[in-house]
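To keep things clear, I will list the structure first and then write my remarks on it.
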Amino acid sequence: MLARLALVHGTANAGATVLTQDEALEKKLRVAGRSLNLAPHWVKGTKDDKPRRIYGAADMRGYRGSDGNHYLTHLQHAFP
């Protein structure tokens, strides 16, 4: 059975909004970013009220599955 996925990180609407809604995934991305020497940076979608600090590309999508695991897609811009 496939897990249901909920978007919790990144953007799925061409940058109108950028999500950072799962603290556990954000911590994992922070650890991975430091290990890969990726600097954190601030991004703000065109419809967002405030910028969000992220590691990696804003168009990288992070999902939380109904099985409790995290999944990443759209990694083509993850590295400089």
Determine if the stretch 60-76 includes at least one residue that is more than 18 Å from Leu5 (Cα to Cα), under 14 Å from the mean Cα position of the chain (by Cα) and open to solvent by 60 Å² or more (accessible area, probe 1.4 Å).
yes
Based on this model, can you work out whether Gly15 counts as open to solvent by 40 Å² or more (accessible area, probe 1.4 Å) and at positive phi?
no
Restricting attention to the stretch 22-53, report how many residues are surrounded by 11 or more Cβ atoms within 10 Å (Cβ to Cβ), of a type in the set (Asp, Glu) and either more than 17 Å from Ala12 (Cα to Cα) or touching a strand residue (DSSP E or B) at 6+ places or on another chain (Cβ under 9 Å) (or both).
2
Restricting the search to the stretch 53-76, which residues are of a type in the set (S, T, N, Q), touching a residue at least 40 places away in the same chain (Cβ under 8 Å) and not in a loop (DSSP other than H, G, I, E, B)?
none
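The values are calculated or read from the model by the stated rules, or taken from the named source; none is laboratory data. Small disclaimer: the values here were computed from a predicted structure and weren't measured. Backbone-built Cβ (ideal geometry, glycine too); neighbour counts: all protein chains shown. These area figures cover heavy atoms from the full protein model, side chains too; ligands, DNA and RNA do not enter into them. Shrake-Rupley method; radii C 1.70, N 1.55, O 1.52, S 1.80 Å.
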